[in-house]
1. When you scan segment A:5-42, how many residues do you find that are in contact (Cβ under 8 Å) with a residue 40 or more places away in the chain and either near DNA strand C (Cβ under 10 Å from one of its atoms) or polar (S, T, N, Q) (or both)?
2. Please tell me if A:Lys45 is surrounded by 16 or more Cβ atoms within 10 Å (Cβ to Cβ) and either farther than 30 Å from A:Gly132 by Cβ or not hydroxyl-bearing (Ser, Thr, Tyr) (or both).
3. State whether one or more residues within segment B:83-101 are out of contact with any helix residue (DSSP H, G or I) (no Cβ under 8 Å at 6 or more places or on another chain), more than 16 Å from DNA strand D (Cβ to nearest atom) and basic (Lys, Arg).
4. Quick one: which helices (runs of 4 or more DSSP H) lie wholly within segment B:1-75 and hold at least 1 residues that are within 16 Å of DNA strand D (Cβ to nearest atom) and within 14 Å of another protein chain (Cβ to nearest Cβ)?
5. Mind counting the residues in segment A:169-200 that are more than 7 Å from every other protein chain (Cβ to nearest Cβ), outside any helix (DSSP H, G or I) and at pLDDT 95 or above?
6. Does A:Asp119 satisfy the condition of being more than 8 Å from chain B (Cβ to nearest Cβ), of a type in the set (D, E, K, R) and outside any helix (DSSP H, G or I)?
7. Would it be correct to say that B:His153 is facing chain A (nearest Cβ under 7 Å) and not in a helix (DSSP H, G or I)?
8. Between a residue in segment A:130-148 that is at negative phi and at the interface with chain B (Cβ under 9 Å from one of its Cβ atoms) and any residue that is assigned to a loop (DSSP other than H, G, I, E, B) and at pLDDT below 95, which pairs come within a Cβ distance under 8 Å, given they are 6 or more apart or on different chains?
Number of protein chains: 2
Amino acid sequence: MSQPATRDPDLTRSRILDAALALFVEQGPAAVTMREIAAASGVTKSLIHHHFGSKEALWTAVKEDAFLRYAEGQRADLEAASAPGSELLENSVLRYFRFLQQHPGVVRMFAWAHLEKDDSCGEVDAALVGLGAQRIREAQQAGLLRDDINPTHVVTIFVNTCTHWFEARAHHAHWPGIGSDEEFLEDFLKVFMAGLAPRP
Amino acid sequence: MSQPATRDPDLTRSRILDAALALFVEQGPAAVTMREIAAASGVTKSLIHHHFGSKEALWTAVKEDAFLRYAEGQRADLEAASAPGSELLENSVLRYFRFLQQHPGVVRMFAWAHLEKDDSCGEVDAALVGLGAQRIREAQQAGLLRDDINPTHVVTIFVNTCTHWFEARAHHAHWPGIGSDEEFLEDFLKVFMAGLAPRP
DNA sequence: CAGGCAATTGACCGGTCGACCAGTTAATTA
DNA sequence: TAATTAACTGGTCGACCGGTCAATTGCCTG
């Protein structure tokens, strides 16, 4: 454990956070040891305690960091996409699906947090969901989507479907006749969009 | 740890399995100790090793037992419901939603299995999904449902939505405007059924 | 009723865990 | 440059982990 050329506590902190994130996401908080994290981040175990206090506190910091980055990425995506009206929802689903496809760690992170009943992670995206729901409400008022559905539930439906698709991938692989990511996404979008079309 | 009135290895085994299931579901396999399981099941730690060999083997046995009971319950439900045609799908969704609502442990059990990439649990319900998909295919051929959607994907969509609803309950609680179990179920069914209605 | 065998026990093992602490080293400040 | 503070290290602690083992107990069979 040779000393770094120059001391940089911020860099050290982020190195620890990165290594811890990778291990926690993969094995879950209970299965990871401080020794593993120390080895993976090239730092002594004592130094982790110095910076974060305890394993519990480190896990909390890792979660906060990860969810913050997730929320920022999603918000950037959401604000960049200013396509108006009817295609906005379809694009949102597509964007969210692609995001999870490219960030499998995020899905696992949420799953660990849910299992330990950590509801703090829900606060980070409450604003995002609120914003999405608002846009859906506007589309409803413009007559582009049926208006007898709670807008928040519209968001919840596609978030649940997409998230669980990636969470249970290995499980679903055994199901007869199941298709690829692309085939499933296409089918889901067909059903979802048709289900939300304005009623005659 | 007084000896039981009469020796009954089968009862002992099932007592251990029950106690282990409760603890594993609650805390996850890595966080539970053999000593906890022993205390909860009123049995010595050595006896658990005698009957199951190791913690790993016990966890496997617990999963097999739980998923088997799950699959049996679902199959019974599915066969009992012989309502023909268009209402069959809606009833399936309702039945699945109610089942998860009444068996929160099942949701967590699947989540733990998914996180450790255990795909063996997917084998237990492959047959169920196949059966469900077959019924949907029949409804498609009878013109009761649109036929341009993969029937397995139809099952996957509602399974994902319902499962994740209960898995992420605490998380969603922070989302603005979100409704109760009943309100969400109603909205989902509206979108889902309308999305699957035959195309004009 | 004798004797074999599985169920069951409590004591014990080596190993690893998270945490702590005294000491050293480098940057910062006055 | 002297003093102060914070980053960083290696060693160590008690607790607890999963697993083993010899000994005991009760059931079943011949």
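1. Of the residues in that region, 2 qualify.
2. no
3. Yes - at least one qualifying residue is present in segment B:83-101.
4. Passing ranges, in order: B:9-27, B:34-41.
5. Residues flagged as more than 7 Å from every other protein chain (Cβ to nearest Cβ), outside any helix (DSSP H, G or I) and at pLDDT 95 or above within segment A:169-200 amount to 3.
6. It is false that A:Asp119 is more than 8 Å from chain B (Cβ to nearest Cβ), of a type in the set (D, E, K, R) and outside any helix (DSSP H, G or I).
7. Judged against the criteria, B:His153 is not a match.
8. Taking only residues 6 or more apart or on different chains, the pairs are A:Arg146/A:Arg199; A:Asp148/A:Arg199.
The values are calculated or read from the model by the stated rules, or taken from the named source; none is laboratory data. Bear in mind that the values here come from a model prediction, so they are computed numbers and not experimental data. Cβ: placed from backbone, ideal geometry, glycine included. Neighbour counts: every protein chain shown.
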